[in-house]
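Participant: Let me begin by handing over the structure; questions about it come next.
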Amino acid sequence: MTNQVAEGKKRAALGKGIESLLGPRPTQGTGIREQGTGGAAGVVGNVAASAAEATGKPLEIALDRIDRNPNQTRTTFDEQKLKELAQSIAATGVVQPVVVRERPGGRYELIMGERRWRASQIAGKQTIPAMVRQVSDEQAMEMTIVENLQRADLNPMEQARAYARLSSEFALTQEQMAQRTGKDRASVANFLRLLKLPESVQKLVESGDLSFGHARALLGLQTPGMIEDVVGAITAKQMSVRQTEAFIHAMLNPEAKAKKDAAPAEARDPNVKDAEERMRRRLGLRVEITDKGGKGTVAIRYTNVDEFDAILGALGE
């Protein structure tokens, strides 16, 4: 029952993006099991698929007749979590059907649900409940990318590349991508900016050796050499994100640092410091707040148009 509730919550959290691509969710029924092999299986499969499409009921499709989606944006799968999902499937079955489309020769191509498909194989299942959709290559690709972006366990670089594909292959704006995936525009802009990092740094982010926060802080640097030098310092000193931001700020403002070191320390309102830090984390940009008795200024520094767009997105423009 716990697994069913958790799976139901995940399904409800997918948002409007998938709804707009798939249409209204059908009411699940008992399902139709395919019979036979060879040519007869292809005929029966096509008839059953058409019936399932019309009635909104899932089919029980043989796992070995489903091919992996070539447009899958996910490149890494947590083996331990797959095993845990396989144990759940072995005990209670697949709660949410995968989504497939028909291919020639009585085969199917996976559109959504690769973790369930993989875990079902590990669990020793022969079939899996699947919804068959009649969609074009372009629709299938977009559905796959959007579904992955709505999951929480993609690493930052996988998300960045997925957004880049939506932009390049479907000519979607950052605002349109945000609407389809249920994210805010500033987040989309921040992920896309990660692709400007050197390839070696992108690999560290993908492996988890550098966090998303570290990566955003590095984007304030102007050259690949500077970025790689700071990455070396982060690794050697095991810097937190906040320490990294301070380190980079000192690099880019040596005169300000020298002046600060020479001047006596001035106590700052902790509420102002907290607000400044939250804005830095949200925007991934340099933010400075000066406050004198409740009056002051907020300075947000950007170095290119994408960073400016991120500011506008955060302001709801």
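The values are calculated or read from the model by the stated rules, or taken from the named source; none is laboratory data. Bear in mind that the values here come from a model prediction, so they are computed numbers and not experimental data. Here Cβ is always computed from backbone atoms with ideal geometry, including for glycine, and neighbour counts include all displayed protein chains.
Participant: Out of all the residues in the stretch 171-180, is one or more β-branched (Val, Ile, Thr), free of Cβ contacts under 8 Å to residues at least 24 places away in the same chain and more than 23 Å from ASN71 (Cβ to Cβ)?
Facilitator: To start, the set of residues in the stretch 171-180 that are β-branched (Val, Ile, Thr) comprises 173.
From what is left, the residues that are free of Cβ contacts under 8 Å to residues at least 24 places away in the same chain are 173.
Next, from what is left, pick out any that are more than 23 Å from ASN71 (Cβ to Cβ): none.
No, the stretch 171-180 contains no residue that is β-branched (Val, Ile, Thr), free of Cβ contacts under 8 Å to residues at least 24 places away in the same chain and more than 23 Å from ASN71 (Cβ to Cβ).
Participant: Same structure again: Find the residue count for the stretch 76-97, including only residues that are closer than 24 Å to ALA162 by Cα, more than 19 Å from the chain's Cα centre (by Cα) and of a type in the set (Val, Ile, Thr).
Facilitator: Within the stretch 76-97, residues that are closer than 24 Å to ALA162 by Cα, more than 19 Å from the chain's Cα centre (by Cα) and of a type in the set (Val, Ile, Thr) number 0.
Table: residues versus (1) of a type outside the set (Phe, Trp, Tyr); (2) under 21 Å from ARG193 (Cβ atoms); (3) exposed (fewer than 13 other Cβ atoms within 10 Å of the Cβ).
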| residue | (1), (2), (3) |
| --- | --- |
| VAL272 | yes, no, no |
| ARG281 | yes, yes, no |
| LEU285 | yes, yes, no |
| GLU288 | yes, yes, no |
| LYS295 | yes, no, yes |
| ILE300 | yes, yes, no |
| ASP306 | yes, yes, no |
| ASP309 | yes, yes, no |
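Yes/no matrix, rows are residues, columns are (1) at pLDDT 90 or above; (2) closer than 30 Å to ASP184 by Cα; (3) in a helix (DSSP H, G or I):
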position: GLN87; (1), (2), (3): yes, no, yes
position: ARG115; (1), (2), (3): no, yes, yes
position: GLY124; (1), (2), (3): yes, no, no
position: ILE128; (1), (2), (3): yes, no, no
position: ALA152; (1), (2), (3): no, yes, no
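Participant: Related question: Can we say ALA275 is part of a helix (DSSP H, G or I) and modelled with pLDDT of 80 or more? Show your work before the answer.
Facilitator: Working: part of a helix (DSSP H, G or I): yes; modelled with pLDDT of 80 or more: yes.
Taking the combined requirement at face value, the residue satisfies it.
Participant: In addition: Take the stretch 219-238 and flag every residue that is assigned to a loop (DSSP other than H, G, I, E, B), surrounded by fewer than 18 Cβ atoms within 10 Å (Cβ to Cβ) and on the phi < 0 side of the Ramachandran plot. Break it down into steps so the answer makes sense when it comes.
Facilitator: Initially, the stretch 219-238 is screened for residues assigned to a loop (DSSP other than H, G, I, E, B), giving 219-223, 238.
When the remaining residues are screened for being surrounded by fewer than 18 Cβ atoms within 10 Å (Cβ to Cβ), the result is 222-223, 238.
GLN222, THR223, listed by residue number.
Participant: Now for a separate question. Pairs under 8 Å by beta carbon, first residue acidic (Asp, Glu) in the stretch 236-264, partner at pLDDT 80 or above, six or more apart or different chains?
Facilitator: Filtered contacts from the stretch 236-264: GLU245/ALA217; GLU245/ARG280.
Participant: A further question on this structure: Tell me yes or no: at least one residue of the stretch 63-71 is closer than 20 Å to GLU206 by Cα, under 19 Å from the mean Cα position of the chain (by Cα) and touching a residue at least 60 places away in the same chain (Cβ under 8 Å).
Facilitator: Taking every residue of the stretch 63-71 in turn, at least one turns out to be closer than 20 Å to GLU206 by Cα, under 19 Å from the mean Cα position of the chain (by Cα) and touching a residue at least 60 places away in the same chain (Cβ under 8 Å).
Participant: Given the criteria buried (at least 20 other Cβ atoms within 10 Å of the Cβ) and not in a helix (DSSP H, G or I), does ILE145 qualify? Show your work before the answer.
Facilitator: Working: buried (at least 20 other Cβ atoms within 10 Å of the Cβ): yes; not in a helix (DSSP H, G or I): no.
Answer is no for this residue.
Participant: Take ALA130 and tell me if it is small (Gly, Ala, Ser) and buried (at least 20 other Cβ atoms within 10 Å of the Cβ). First the steps, then the outcome.
Facilitator: Values: small (Gly, Ala, Ser): yes; buried (at least 20 other Cβ atoms within 10 Å of the Cβ): yes.
In short, yes.
Participant: Give VAL47, VAL99, VAL95 a once-over and let me know the one that is of a type outside the set (Gly, Ala, Ser) and either at pLDDT 90 or above or crowded, with 19+ Cβ neighbours inside 10 Å (or both).
Facilitator: Numbers: VAL47 fails: either at pLDDT 90 or above or crowded, with 19+ Cβ neighbours inside 10 Å (or both); VAL95 fails: either at pLDDT 90 or above or crowded, with 19+ Cβ neighbours inside 10 Å (or both).
Unique residue meeting the criteria: VAL99.
Participant: Of the residues that make up the stretch 185-198, is at least one in contact with a Phe, Trp or Tyr (Cβ under 7 Å, 6 or more places away or on another chain), farther than 17 Å from LEU285 by Cβ and of a type in the set (A, V, I, L, M, F, W, C)?
Facilitator: Checked against the condition, which is being in contact with a Phe, Trp or Tyr (Cβ under 7 Å, 6 or more places away or on another chain), farther than 17 Å from LEU285 by Cβ and of a type in the set (A, V, I, L, M, F, W, C), the stretch 185-198 yields no hits at all.
Participant: OK, next. Restricting to the stretch 150-173, give me the number of residues that are under 20 Å from ARG282 (Cβ atoms) and surrounded by 23 or more Cβ atoms within 10 Å (Cβ to Cβ).
Facilitator: Matching residues across the stretch 150-173 total 3.
Participant: In the stretch 119-161, how many residues are within 20 Å of the chain's Cα centre (by Cα), basic (Lys, Arg) and more than 26 Å from LEU204 (Cβ to Cβ)?
Facilitator: Filtering the stretch 119-161 down to residues within 20 Å of the chain's Cα centre (by Cα) leaves 138-161.
Going one step further and asking which of them are basic (Lys, Arg), we end up with 151, 161.
Keeping just the survivors that are more than 26 Å from LEU204 (Cβ to Cβ) gives none.
The qualifying residues number 0.
Participant: Taking the stretch 197-206 on its own, how many of its residues are without any contact (Cβ under 8 Å) to a residue 40 or more places away in the chain and surrounded by 15 or more Cβ atoms within 10 Å (Cβ to Cβ)?
Facilitator: Residues that pass the stated criteria total 4.
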